[in-house]
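The structure under discussion appears below in the form of structure tokens.
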Amino acid sequence: MANGPKIIYRNDGSVDSKLWYTDNGNLHRVDGPAKIWYYPDGTVEFETWYQNGVLHRVDGPAFIEYRSEGIVGEIGWWLYGSSYAFDEFLSVDGIDREAVVKWCLLNGMEIL
């Protein structure tokens with residue numbers, strides 16, 4: 001079972017990051033990212049999805065970097081701790097292709 005979030009604060013009192021863990025210390029969250037880092041102004045800088053301590057997400061990228069203006073920068077497609085190129089990710093059984101395509105379109109990613 002996931003606990004959390006654990007909130008890490010900067011010296012100025014602003015939130016640096018939020019982390020969700022299982023009782024045995026693994027990063028884990030099923031309904032959102034297990035790690036969220038914030039810019040000093042409070043906007044999201046990075047999000048990472050973990051289940052049972054490994055990067056994993058079936059309905060979008062498990063790693064997302066946001067540029068300071070809020071635009072998606074680097075992304076990573078992960079399942080059960082293994083990294084995939086986007087084309088490979090789309091061919092894996094068990095992913096939510098409809099949700100992946102929706103995420104891509106909402107974030108300005110071209111799909112061929």
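A few comments on the model shown:
- A search for C-beta distances below 6 Å between a residue of the stretch 87-103 that is at pLDDT 95 or above and any residue that is aromatic (Phe, Trp, Tyr), counting only pairs 6+ apart in sequence or on different chains, returns 89/77.
- Out of 58, 44, sole residue that is among the β-branched types (Val, Ile, Thr), out of contact with any strand residue (DSSP E or B) (no Cβ under 6 Å at 6 or more places or on another chain) and under 23 Å from residue 99 (Cβ atoms): 58
Here is a yes/no grid of residues against (1) under 13 Å from the mean Cα position of the chain (by Cα); (2) surrounded by fewer than 19 Cβ atoms within 10 Å (Cβ to Cβ):
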residue	(1), (2)
24	no, yes
30	yes, yes
37	yes, yes
51	yes, no
60	yes, no
67	no, yes
85	no, yes
101	no, yes
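The values are calculated or read from the model by the stated rules, or taken from the named source; none is laboratory data. This is a predicted model, so every value here is computed, not measured. Note that each Cβ is placed from the backbone with ideal geometry, even for glycine, and that neighbours are counted across all protein chains shown.
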